[in-house]
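Let me begin by presenting the structure, written as structure tokens, before commenting on it.
The values are calculated or read from the model by the stated rules, or taken from the named source; none is laboratory data. Every value quoted in this text rests on a predicted model; they were computed, and no experiment measured them. Virtual Cβ from ideal backbone geometry, glycine too; neighbours counted across all protein chains shown. Remember, those area values only see protein heavy atoms, side chains included, never the ligands or the DNA or RNA. Shrake-Rupley method; radii C 1.70, N 1.55, O 1.52, S 1.80 Å.
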Amino acid sequence: MRIGIACYPTYGGSGALATELGIELAARGHEIHFITYAQPFRLTSFHEGLFFHEVEVPHYPLFEYPPYSLALTVQMHQVAQQHDLQIMHAHYAIPHAEAAWVTKQMLQQQDRDLRLVTTLHGTDITLVGQDPSFWSITRFSVEQSDGITAVSQYLKDETLRAFDCDRLDIRVVPNFVDPEIYKPDRDDCHLRALAPSGEKIVMHISNFRKVKRVDDVIRVFAGIRREVPARLVLIGDGPERAAATELAGRLGVQDDIVFLGKLESVAELLSCADVFLLPSEQESFGLVALEALASGVPVIGTGGSGLAEVVDDGVTGFLHPVGAADEMAASALRLLQDPALWKTFGTAAREAAVGRFSADLVVPMYERFYEEVLEAGA
Ligand code: GMT
């Protein structure tokens, strides 16, 4: 199949998943065209059958807000014509699904068809898409898609509720992980660098937006640090970093925190963690939690959203209500102070990640879905 993929290229779950999907599809013989404003951050080397088309937005003094969606649509249209694309796969509805729909209309004027698949990832539905400024266009562009997938049952239900459209046929296709890349493989050099005196390693990776509750990461860590020697390794960056640093200072744990910033590759560091923290307000899936599980690392996070479909509470990690930092710290300590329990959880984490969410299981779900969408339009 010849497939266009529109996504955010930046640090974050939707762009990471879209890029991994493109790489996997290209390896399976499909022709993949990424269309976005920068090289996707996980696309770091050459892959046969995989191409990148940059969207350039011209600047003009009149444009206080440069019209990215228009430039994206024009690039989608050009790539679709030039490479005779069969499918445009929009990852994160805003603005990709709407741009793909306009592209389809432009192609129809030329008697050409393009099938639209939209994958809903999270805040495109749970936060941004519900803002009155975006609600109607998000609903419209999702409804107009020829195929819709959501990364969890939680997100599917939330889409139907928030957009009041129970007729929508949404397929749940979970996030996936490559178990050969994310695997239990604790590198001695990294361990020594991160925790020189053999401290326990607590890790958090995100784009430090409010929804991630990085302040709770610091609170949970402070609770852990009171009981055991530990270091908090923070990977990523974003708007909440300054507030997190300030809180760490107030709680007296700033010297035990290592900020590593936006690393392109996290697999080798993840497997060095003893526990992974993801105390988000809501998480439609939690790709990074899955990557931690595949690395044999138990996850401590929040229940009530999609993370509960990834982490088995009491088996591969522990889930608590949003904001319950003391309970999360207590759960982390249970694992950190009991090596046998930690090993049991770590083994179960790896098994669950590989058995339910490996690329070999999930990527064919997307392939079958594309085939269905093409057949329905034939
Ligand atoms: O961070 C991003 O790039 C997008 C972000 C979001 O805001 O929707 O990530 C979502 O997509 C990931 C991949 O499908 C999911 O694993 C994340 O759970 C989800 N993030 C949230 O729901 C907060």
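If we only count strands (runs of 3 or more DSSP E) wholly inside the stretch 275-330, which ones have 2 or more residues that are within 16 Å of the ligand (Cβ to nearest atom) and more than 13 Å from Val217 (Cβ to Cβ)? Don't jump to the end; show me each part of the working.
Values: elements: 275-278, 299-302, 317-320.
Because the criterion is at least 2 residues that are within 16 Å of the ligand (Cβ to nearest atom) and more than 13 Å from Val217 (Cβ to Cβ), the strands (runs of 3 or more DSSP E) in the stretch 275-330 that meet it are 317-320.
For the stretch 39-59, which residues satisfy the criterion of being at pLDDT 95 or above and within 21 Å of the chain's Cα centre (by Cα)?
Selection gives Leu50, Phe52.
Return a yes/no flag: does the stretch 89-97 have any residue that is within 25 Å of Arg368 (Cβ to Cβ), touching a residue at least 40 places away in the same chain (Cβ under 8 Å), open to solvent by less than 60 Å² (accessible area, probe 1.4 Å) and aromatic (Phe, Trp, Tyr).
Step one: of the stretch 89-97, the residues within 25 Å of Arg368 (Cβ to Cβ) are 89-93, 96-97.
Among the residues that remain, those that are also touching a residue at least 40 places away in the same chain (Cβ under 8 Å) are: 89-93, 96-97.
Narrowing the set further to residues that are open to solvent by less than 60 Å² (accessible area, probe 1.4 Å) leaves 89-93, 96-97.
When the remaining residues are screened for being aromatic (Phe, Trp, Tyr), the result is 92.
Checked against the condition, which is being within 25 Å of Arg368 (Cβ to Cβ), touching a residue at least 40 places away in the same chain (Cβ under 8 Å), open to solvent by less than 60 Å² (accessible area, probe 1.4 Å) and aromatic (Phe, Trp, Tyr), the stretch 89-97 yields at least one hit.
Need at least 1 residues that are of a type in the set (Ser, Thr, Tyr) per element, so show me which helices (runs of 4 or more DSSP H) inside the stretch 193-274 make the cut, counting only ones lying wholly within it.
Values: elements: 214-227, 241-250, 267-270.
Hits in the stretch 193-274: 241-250.
Test each condition in (1) closer than 19 Å to Glu309 by Cα; (2) open to solvent by 40 Å² or more (accessible area, probe 1.4 Å); (3) part of a helix (DSSP H, G or I) for Ser136 and report the one that comes out false.
The failed condition is (1).
Can you pull out the residues in the stretch 34-78 that are touching a strand residue (DSSP E or B) at 6+ places or on another chain (Cβ under 9 Å), open to solvent by less than 30 Å² (accessible area, probe 1.4 Å) and farther than 30 Å from Leu263 by Cβ?
Met76
Please go through the stretch 1-52 and give me each residue that is within 16 Å of the ligand (Cβ to nearest atom) and charged (D, E, K, R), ordered by number.
Listed by number, the residues that qualify are Glu20, Glu24, Arg42.
Among the numbered criteria (1) in contact with an Asp or Glu (Cβ under 8 Å, 6 or more places away or on another chain); (2) part of a loop (DSSP other than H, G, I, E, B), which one does Asp84 miss?
With respect to (1) in contact with an Asp or Glu (Cβ under 8 Å, 6 or more places away or on another chain); (2) part of a loop (DSSP other than H, G, I, E, B), Asp84 is out only on (1).
Please identify the pairs in which a residue from the stretch 30-41 that is under 16 Å from Ser14 (Cα atoms) and not assigned by TED's automatic domain parsing to the domain that holds Glu264 has its Cβ atom under 8 Å from the Cβ atom of a residue that is polar (S, T, N, Q) and open to solvent by less than 10 Å² (accessible area, probe 1.4 Å), counting only partners at least 6 apart or on another chain.
From the stretch 30-41, the pairs are Phe34/Thr19; Pro40/Thr19; Phe41/Thr19.
Identify, from the list Ala97, Ala162, Ala150, the residue that is within 16 Å of the ligand (Cβ to nearest atom) and at pLDDT below 95.
Values: Ala97 fails: at pLDDT below 95; Ala150 fails: at pLDDT below 95.
Just one listed residue meets the conditions, Ala162.
Select from the stretch 100-130 the residues that are open to solvent by 10 Å² or more (accessible area, probe 1.4 Å), in a loop (DSSP other than H, G, I, E, B) and away from the ligand (no atom under 16 Å from the Cβ) and write down the one among them that is nearest to Cys7 (Cα to Cα).
We begin by selecting, within the stretch 100-130, every residue open to solvent by 10 Å² or more (accessible area, probe 1.4 Å); these are 101-102, 104-106, 108-113, 115, 121, 123, 126-128, 130.
Next cut, in a loop (DSSP other than H, G, I, E, B) only: 109-113, 121, 127.
Filter once more, so that each one left must be away from the ligand (no atom under 16 Å from the Cβ): 109-113.
Values: Gln109: 25, Gln110: 26, Asp111: 26, Arg112: 23, Asp113: 21 Å.
Once the filter is applied, the top-ranked residue is Asp113.
Would you please name the residue that is nearest to the chain's Cα centre (by Cα), looking only at residues in the stretch 322-378 that are among the acidic types (Asp, Glu) and farther than 20 Å from Leu25 by Cβ?
First pass over the stretch 322-378, keeping only residues among the acidic types (Asp, Glu): 326-327, 338, 351, 360, 367, 371-372, 375.
Keeping just the survivors that are farther than 20 Å from Leu25 by Cβ gives 326-327, 338, 351.
Working: Asp326: 27, Glu327: 26, Asp338: 31, Glu351: 21 Å.
Per the stated criteria, the residue is Glu351.
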